[in-house]
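The values are calculated or read from the model by the stated rules, or taken from the named source; none is laboratory data. Predicted, not measured: the structure shown is a model, and the values here were computed from it. Cβ coordinates were reconstructed from backbone atoms using ideal geometry, including for glycine residues, and neighbour counts include every protein chain displayed. Heads up: the accessible areas ignore ligands, DNA and RNA and are worked out on the full protein's heavy atoms, side chains in. Shrake-Rupley method; radii C 1.70, N 1.55, O 1.52, S 1.80 Å.
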Amino acid sequence: MSFSLENIIRENIKGLKPYSSARDEYISDGSEMVFLDANENPFENGVNRYPDPQQRSLKAVLADQKGISPENILLGNGSDEVLDLLFRAFCEPKEDNIISLPPTYGMYKVLSGTNAIENREVLLSDDFQPNVLAILNTIDANTKLLFICSPNNPTGNSISEKSITKLLTSFNGLVVIDEAYIDFSPIESWVSRLSDFPNLVVAQTLSKAYGMAGIRLGICMASKEIISVLNKIKPPYNVNGLTQLKALERVIDTTMVASEVRRILRERQKLIIYLEEISFVQNIYESDANFVLVKVDDADKRYKQLLDKRIVVRNRSNQPLCENTLRFTIGTPSENKKLAIILKELTMS
Ligand SMILES: *Cc1c(COP(=O)(O)O)cnc(C)c1O
C-alpha cells in the first residue's frame, strides 16, 4: 500500500466547505473601492478592516524565499496552531494515534491530549536519533502523524537524513518535521524535498531565529492537497493584521536576520568554551540550535543556584535520556558573560 491523502482525512472534514468571509471575496487591487460588505467601522485607524484571511503579501514573500508556491503554505497563530490543525484534520478522537520521539518538544503530547488522540512514544536512541525499526513496529492502521523535531528540542541535534527518508517512504501517514530551529542549522531544510514526498509536512516559525515570538506566526509547508485540507478548517482570521504587517517587515530584512543568527552562533561557540572549563559540567551536547543541552552533576541543585542569582534556565531532567541536564538558551553577549561568571563562581563555592 502507498500513501493516499484521501485515506487519512477525517470523514467529517472531507465534505466540509470552508467559511466564506466577506474579505475573501474581494481584496483591494489598489484601485479605489468602497467596502460595505463586512460590517466594519469605516473610520480609518490602521486596523479597522478585517485582515487578509489568506495572508497573500506575506505568503508571496515566504514562497519566493523558500522556493515553493503560496499554495504550499498555511500560516498559523504560532506553529502550535499549525500542529493543532494537523490533529483536527487527520486524527479521529479516541480512535487514531500519533507517534512522537522523546526526549522532544512537549506540545505534541499536549495536543494529543487535548484532541483525545493516543500519543505513542518511541524513545530516541542514546545518540538522540530515531529508532527506525521500533517506530515502524509501532505504526498501525490508525497511526496518522509522526512528529520529528529537527534540530530537536531539547537535545539540539539534527535528525539523520537517512532515517527521515526511510520513515517518509515506509509510513503511509504524514511525517511532520518540526524545523523551529532550522535557521541555526548547517543542514538544509526539508522544504526542498516537498515534491519528492507527498506525505511530508514541514513546520517552521518566526519565534526563534526571526526574533518574533511575540507576534505568533507559524509556517506550515506541504503539498497543495494537504494545505487545502488545512485551509478548510482554519479560523478565517487566524493571523491578525498586526502580525502580518510585522512579519512582512521582518522577513524582507534577510540581512538583519542572518546577522543576528551569526551573532547567536558565535555566542554559542563562546559559551561552549566557557562551559568546558566548569568542573561540574559533565557533557555538552552537540547543538544545531540556539541553545545547548548540558549534563551536570546535580541539575536540581545547579538550577536553584542559578535561580538564586536571577538566571532562569530550563531543567530538562524529567525528560527520558536527559537525567541531570540543563538547557541554556543563548542570550546577548552580556547575558552569556554573566552566566559564565556565575557558573565559574559556583565551582568555587
Ligand atoms: C519553540 C518551538 C516551536 C515554536 O512554536 P510557536 O508556537 O511557533 O512559537 C515549535 N516547535 C519547537 C520544537 C519549538 O522548540
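What the table shows:
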quantity	calculated
Any chance GLU92 is more than 16 Å from the chain's Cα centre (by Cα), of a type in the set (Asp, Glu), in the same structural domain as LYS246 (by TED's automatic domain parsing) and within 16 Å of the ligand (Cβ to nearest atom)	no
Segments classed as strands (runs of 3 or more DSSP E), wholly inside segment 211-321, with at least 1 members that are touching a strand residue (DSSP E or B) at 6+ places or on another chain (Cβ under 6 Å) and within 30 Å of LYS66 (Cβ to Cβ)	218-221, 291-296
Criterion (within 16 Å of the ligand (Cβ to nearest atom) and either open to solvent by less than 40 Å² (accessible area, probe 1.4 Å) or under 18 Å from the mean Cα position of the chain (by Cα) (or both)) met by exactly one of SER125, SER100	SER100
Check on SER279, out of contact with any Leu (no Cβ under 6 Å at 6 or more places or on another chain), open to solvent by less than 60 Å² (accessible area, probe 1.4 Å), in contact (Cβ under 8 Å) with a residue 60 or more places away in the chain and not hydrophobic (A, V, I, L, M, F, W, C)	no
Subset tally (residues that are among the β-branched types (Val, Ile, Thr) and either under 12 Å from TYR50 (Cβ atoms) or outside the structural domain of GLU81 (by TED's automatic domain parsing) (or both)) for segment 235-250	1
Qualifying position, being open to solvent by 20 Å² or more (accessible area, probe 1.4 Å), closer than 30 Å to ILE139 by Cα and assigned by TED's automatic domain parsing to the domain that holds SER112, among ASP64, ASP84	ASP84
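Okay, residues lined up against (1) more than 8 Å from the ligand (Cβ to nearest atom); (2) out of contact with any His (no Cβ under 8 Å at 6 or more places or on another chain); (3) of a type in the set (A, V, I, L, M):
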site: TYR181; (1), (2), (3): no, yes, no
site: PRO186; (1), (2), (3): yes, yes, no
site: SER189; (1), (2), (3): yes, yes, no
site: ARG193; (1), (2), (3): yes, yes, no
site: PRO198; (1), (2), (3): yes, yes, no
site: LEU206; (1), (2), (3): no, yes, yes
site: MET212; (1), (2), (3): yes, yes, yes
site: ILE219; (1), (2), (3): yes, yes, yes
site: ALA222; (1), (2), (3): yes, yes, yes
